[in-house]
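The values are calculated or read from the model by the stated rules, or taken from the named source; none is laboratory data. On a predicted model such as this, the values are computed, not experimentally measured, just so you know. FYI the Cβ positions are ideal-geometry reconstructions off the backbone, even for glycines, and counts take in every protein chain you see.
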Amino acid sequence: MRRILDVLKQYYGYESFRKGQEELINNILNGRDVLGIMPTGGGKSICYQIPAQLLDGITIVISPLISLMKDQVDTLTDMGIKAAYINSTLSSEEFDRVLKNAKSGDYKLIYVAPERLETRSFIDFLEHVNISMVAVDEAHCVSQWGHDFRPSYRRISELIDRLTIRPIIAAYTATATEEVKQDIIKLLNLTDAFVLTTGFNRENLYFEVEKPQNKFRTLRKYLNQHKKESGIIYCSTRKTVESVTDKLNLLGFNATKYHAGVPEHERTANQEDFIYDRKQIMVATNAFGMGIDKSNIRYVVHYNMPKNMEAYYQEAGRAGRDGLESECVLLFSASDIVTNKFLISNMNEQNQEHAYKKLNEMTDYCNTDKCLRSYILIYFGDTDTEKECNHCSNCNNDIELTDITVESQKIMSCVKRMNERYGANIVASVLKGSKAKKVRDFGLEELSTHGIMKEYHADSIKEIISFLIAEDYLGTRGTKYPTLALTTKSKDVLFGNEKVLIKRVIDKHKEEKDSHYVEAYDETLFEKLRSLRTGLSGEQGVPPFVIFSDAALQDMCRKFPKTDNEFLSVSGVGEHKLSKYGQLFMDIIKDYTNAHDINVDQYQTTESLETKKKSKSTTTKESKLETYDLYKEGLSIDEIKTKRGLSQTTIENHLFECFKEGYEIDFDRFINKDFETEIVDVIKEVGGAKLKPIKEALPDEVTYTDIKFTISKYNL
């Protein structure tokens, strides 16, 4: 136990393991095969990287995508761990050099693509070196029921059988239903395997499903609230990727694209722009992401509904790998169902029934009024979950039922009178009373249903049609150009035997664990450290997150380390990173604390107490009331923080918490009156969920203090 903890601290900079990591590592070190089912961002890599350093021979890591290998090796090398990769980007000379160095014992881990197992030269190499472990990343790729089936994964067990001494097999995946799990055990021929599922819950992710009338308008509003943050927007087709990327760039967003139709050299360049933070937004099909180790992705937006829950959760799970609060938003419309049915219709017939079942489960997720997190966890067999998480759109918004029976009858009647020969757009145009050329050419303006919903917006009509399709009140025929058709359920509605009720969301501000008030790190210092990290990234040719994650930078902005030992206390800082980067970052921190007169010693002592005891402790409550007493004496925030040796953020939080508990606060003491009206207007425009977008839209003279106290004063 002590040995693996020493490695964890020395190289990774962590004091303790996450759930399940220690058990998996110990079983490997005891010579046992393992299967670890852990959520994305749950720390799977450590579970094979640490034993690889403690076992005698080489660990072969089978990884599905080239970019993931390079990022993993860059990260390991930056921590002082000997690793290499072999893939198609290497020249023959580079390939030979890696094999030569491996035979000399220069590496503990070698990353390879599964296709490499089919080459004679690589198999010869494996037969002449000591392979202590084979780690299979993204192990669900071995199963035909997995959402990323890779036939080459089926050859892994064949390779292992050819080795003179059988190595330990360690398989890992983030998303595996019971049938996929059994496939992995069987097809990788795991022997007496230790199987551990840590649970699929990602507490730092906020889940949201929206059903907007105009998806792009909703997306634009969302991105305006998340400027300066990295995110992925997933689209179901190449055409949609191109359209969304072009529109975003025209509006001034910093977006790039990725899909199989983009030339390979351009795809690679676009991916690197995103990884290196040169582009903030990646618009992509599901071809993007499985090999991405970027830890500071703050949001994943699904512009279209994926075809199954496995794909959705893996793609959504690319947000917040550093453990910081991140968001997963799905923009749903019934046209997504039609698109996915078309894609499924092109699949092998024997797999279609299974795919349709998965699509129905995905559609149910989009339509449920229950907790979204619970739906996901129960789907993956994690039944030990709360009924409500209070951290998803269904838990944080109210739902009301609206009777749309009359509107539904009008739509169904129109579909019937149009002989079930037209799609949703034409049907909506007829109901709206359009005199467009296409409507006139087909003689549809003569129908009795022409214009019977003229008081409705066309988007509203389409929204109802989408709902009717999703709930099987209307069906579709055809694939490429689907037309609307009545169903068995339609007749009950038309004859008045069944009412149609739609659930509408009454939007409230989502709870973000008091995100308006709790900024437990210095944001100005964070931006300075992030700039230093970006510069080092460019100099060294590695992604910024390889140097330090956002979470590590934020921890520096809480602790203000000034000695080597204090820097080692930062989460994610090991000895190699201290040696390589410590002084550079501590110099910036020292200059900043001196310039802003921050009492680091007193701050660290008080902050560590508050961190350990949290807001429920008596100590913190007394601290909060002590701040309030000084406020009542007429002291300013600057005077209070100097007197108490605390950060400005902590003092502000104390006052906000006192206000929430019923203590009287005069907000006008802390708001610049010259900008108060402008601040209110900006908050109403961009929303109050995030502070940064508000700050960026206001003059430089406006401070975060002005914004936060304005939000509280007007309850925005």
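Out of region 61-80, which residues are within 18 Å of Ile131 (Cβ to Cβ) and assigned to a loop (DSSP other than H, G, I, E, B)?
The one that is within 18 Å of Ile131 (Cβ to Cβ) and assigned to a loop (DSSP other than H, G, I, E, B): Ser63.
Please go through region 88-145 and pick out each residue that is of a type in the set (Val, Ile, Thr) and either within 13 Å of Pro64 (Cβ to Cβ) or assigned to a helix (DSSP H, G or I) (or both).
Residues satisfying the conditions are Val98, Val112, Ile123, Val136, Val142.
In this structure, does Lys228 turn out to be surrounded by fewer than 19 Cβ atoms within 10 Å (Cβ to Cβ), assigned to a helix (DSSP H, G or I) and at pLDDT below 95?
In short, no.
Can you confirm whether Leu372 is modelled with pLDDT of 85 or more, assigned by TED's automatic domain parsing to the domain that holds Gly496, surrounded by 14 or more Cβ atoms within 10 Å (Cβ to Cβ) and out of contact with any Gly (no Cβ under 9 Å at 6 or more places or on another chain)?
Against the criterion (modelled with pLDDT of 85 or more, assigned by TED's automatic domain parsing to the domain that holds Gly496, surrounded by 14 or more Cβ atoms within 10 Å (Cβ to Cβ) and out of contact with any Gly (no Cβ under 9 Å at 6 or more places or on another chain)), Leu372 does not qualify.
Anything in region 689-715 that is touching a residue at least 60 places away in the same chain (Cβ under 8 Å) and under 27 Å from the mean Cα position of the chain (by Cα)? List them, or say none.
Ala689, Lys690, Leu691, Lys692, Pro693, Glu696, Tyr704, Lys708 - these are the residues of region 689-715 that are touching a residue at least 60 places away in the same chain (Cβ under 8 Å) and under 27 Å from the mean Cα position of the chain (by Cα).
Which of the following residues is of a type outside the set (Val, Ile, Thr), surrounded by fewer than 19 Cβ atoms within 10 Å (Cβ to Cβ) and under 29 Å from Asn425 (Cβ atoms): Tyr356, Tyr303, Tyr276, Tyr312?
Exactly one residue qualifies, and that residue is Tyr356.
Hey, among the residues in region 258-267 that are free of Cβ contacts under 8 Å to residues at least 12 places away in the same chain and surrounded by 15 or more Cβ atoms within 10 Å (Cβ to Cβ), which one's nearest to His226 (Cα to Cα)?
So the residue we want is Arg267.
Taking the condition modelled with pLDDT of 85 or more, aliphatic (A, V, I, L, M) and in contact with a His (Cβ under 8 Å, 6 or more places away or on another chain), does Val180 pass?
Taking the combined requirement at face value, the residue satisfies it.
Do we find that Ser345 is farther than 26 Å from Phe216 by Cα and of a type outside the set (D, E, K, R) in this structure?
So Ser345 passes the test.
Picking from Asp472, Asp459, which residue would you name as being out of contact with any Pro (no Cβ under 7 Å at 6 or more places or on another chain) and within 25 Å of Ile344 (Cα to Cα)?
After applying the criteria, what remains is Asp472.
Restricting to region 283-315, count the residues that are free of Cβ contacts under 8 Å to residues at least 60 places away in the same chain and not in a loop (DSSP other than H, G, I, E, B).
3
Taking the condition of being of a type in the set (Asp, Glu) and surrounded by 14 or more Cβ atoms within 10 Å (Cβ to Cβ), how many residues in region 375-404 meet it?
Here the count works out to 2.
Looking only at region 165-202, count how many residues are surrounded by fewer than 19 Cβ atoms within 10 Å (Cβ to Cβ), closer than 17 Å to Met309 by Cβ and charged (D, E, K, R).
2
Would you point out which residue out of Ile185, Ile169 is part of a helix (DSSP H, G or I) and within 23 Å of Gly41 (Cα to Cα)?
Answer to the selection: Ile185.
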